[in-house]
Structures are given as structure tokens and as C-alpha cells.
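Here's the structure, in C-alpha cells; my notes come after.
The values are calculated or read from the model by the stated rules, or taken from the named source; none is laboratory data. These figures come from a predicted structure and were not determined experimentally. Methodologically, a virtual Cβ is constructed for each residue, glycine included, from the backbone with ideal geometry; neighbour enumeration extends over all protein chains shown. Protein only, heavy atoms only, side chains kept; ligands, DNA and RNA dropped before computing areas. Shrake-Rupley method; radii C 1.70, N 1.55, O 1.52, S 1.80 Å.
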Amino acid sequence: WPLVERHLHVAIARVLECDSVLLEDRTGERCIAHRLAVYLEDEFRGWHLDCEFNRQGEEGERGTKRVSTSPDLPESREGQGSVDVTPDIIIHQRRKTRNLLAIEVKPSDSGEIPKDREKLRKYLTDPHLRYAFAVLAIYRNGVAAFEAVERITA
């Protein structure tokens with residue numbers, strides 16, 4: 001975890017250094033996540049880094065990325081019994097089950113933070129995903145700052 005955390009903090013520092021205007025101007029979450037992903041690519045060479053990635057499974061067994069339901073994560077469609085999910089950023093090996101890091105990016109004033117925490121827990125524990133690490137990166141709207149990088153644990 002310390003190495004992953006260090007790489008994350010370097011990438012966040014680059015967002016603050018190069019893209020602070022996006023935070024100050026209250027640019028949307030997807031834009032902030034994308035800029036973070038750009039800098040994370042430099043930090044995690046040898047891994048694939050994707051935004052809003054919605055596939056899972058080995059080659060030939062690709063399906064929509066889903067997790068089990070919970071009170072904070074109701075099923076996506078009635079009778080489905082699962083929740084369709086697309087993490088903001090993932091660091092993984094495509095078409096393999098080597099999943100290193102799932103990241104959700106949220107503004108501090110979002111009401112979705114509890115839901116994202118639960119979703120990240122599912123990335124760690126659902127048997128078909130099993131990410132090694134999961135992080136919630138919370139930034140402040142209107143100010144060039146991140147409040148926290150919260151490591152989620154199972």
C-alpha cells in the first residue's frame with residue numbers, strides 16, 4: 001500500500017499544480033477524474049488505466065461489471081439481483097483478473113459519498129473483482145484542494 005499511496009499523492013499533486021483552474025471553476029467530476037487518470041498513467045507504468053470501465057472477466061468471458069446489492073446499492077434493474085458499476089478510474093490488466101486499484105472521485109459536497117464507499121468495498125470483496133486496493137478521492141469544489149484520499153478496506 002505505501003507505494004500505491006505515494007503514486008496517488010504524486011498524481012494528485014500534479015492535478016493541483018497543472019489543473020487547479022478546473023477545481024476552482026467547479027468543473028464536473030468526470031473532468032477531474034480524467035485529469036487524475038492522466039497523471040496516474042505516468043505513475044503506474046506496465047498497468048492499464050481506464051476511466052468509466054464497465055467490463056469484467058477473462059478474455060472470452062467478458063461481461064458488464066456488476067457487484068452484489070446492499071442497502072446503499074440497490075439492484076440496477078428489478079430482478080437482476082446485482083448492481084451495474086463503472087468505477088471512475090481503475091488500474092488493472094485488461095482481459096485478466098489482475099485488478100490493482102479502483103478509484104472513485106467525488107466533490108466534498110456530494111451526497112453520493114456513502115454509496116461510493118460501499119461500491120469500493122464491493123470492488124475489494126466481490127469474488128469476480130477482488131481489487132487489491134480501493135480509494136475514495138474527495139476534492140473541494142471551488143477551491144484547488146483535495147480533502148482526502150481515503151483508503152477503503154473490506
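In region 1-28, which residues are under 20 Å from ARG140 (Cβ atoms) and either touching a strand residue (DSSP E or B) at 6+ places or on another chain (Cβ under 6 Å) or hydrophobic (A, V, I, L, M, F, W, C) (or both)?
Across region 1-28, the qualifying residues are LEU8, VAL10, ALA11, ILE12, ALA13, VAL15, LEU16, CYS18, VAL21, LEU22, LEU23.
Restricting the first residue to region 20-49 and requiring it to be under 13 Å from ALA102 (Cα atoms), which pairs with a second residue that is assigned to a loop (DSSP other than H, G, I, E, B) and open to solvent by 60 Å² or more (accessible area, probe 1.4 Å) meet a Cβ separation below 7 Å and a spacing of at least six or different chains?
Within 7 Å, the pairs are HIS48/ARG94.
Yes or no: ARG35 in a loop (DSSP other than H, G, I, E, B), at pLDDT 90 or above and not aliphatic (A, V, I, L, M)?
Here the answer is no, as ARG35 does not meet what is asked.
Which residues, taken from region 16-32, are assigned to a helix (DSSP H, G or I) and under 16 Å from the mean Cα position of the chain (by Cα)?
Selection gives GLU29, ARG30, CYS31, ILE32.
Please list, ordered by first then second residue, the pairs with beta carbon atoms under 7 Å, 6 or more apart or interchain, first in region 90-102 and of a type in the set (D, E, K, R), second open to solvent by 30 Å² or more (accessible area, probe 1.4 Å) and in a strand (DSSP E or B).
ARG94/HIS48
Consider LEU120 carefully, then state whether it is farther than 24 Å from ASP19 by Cβ and not in a loop (DSSP other than H, G, I, E, B).
No.
Within region 121-148, take every residue that is touching a Leu at 6+ places or on another chain (Cβ under 6 Å) and farther than 19 Å from ARG26 by Cα and give me the one that is most open to solvent (accessible area, probe 1.4 Å).
Ranking the candidates gives ALA132 first.
Going through region 91-117 one residue at a time, which ones are among the aliphatic types (A, V, I, L, M) and either surrounded by fewer than 15 Cβ atoms within 10 Å (Cβ to Cβ) or part of a helix (DSSP H, G or I) (or both)?
ILE113
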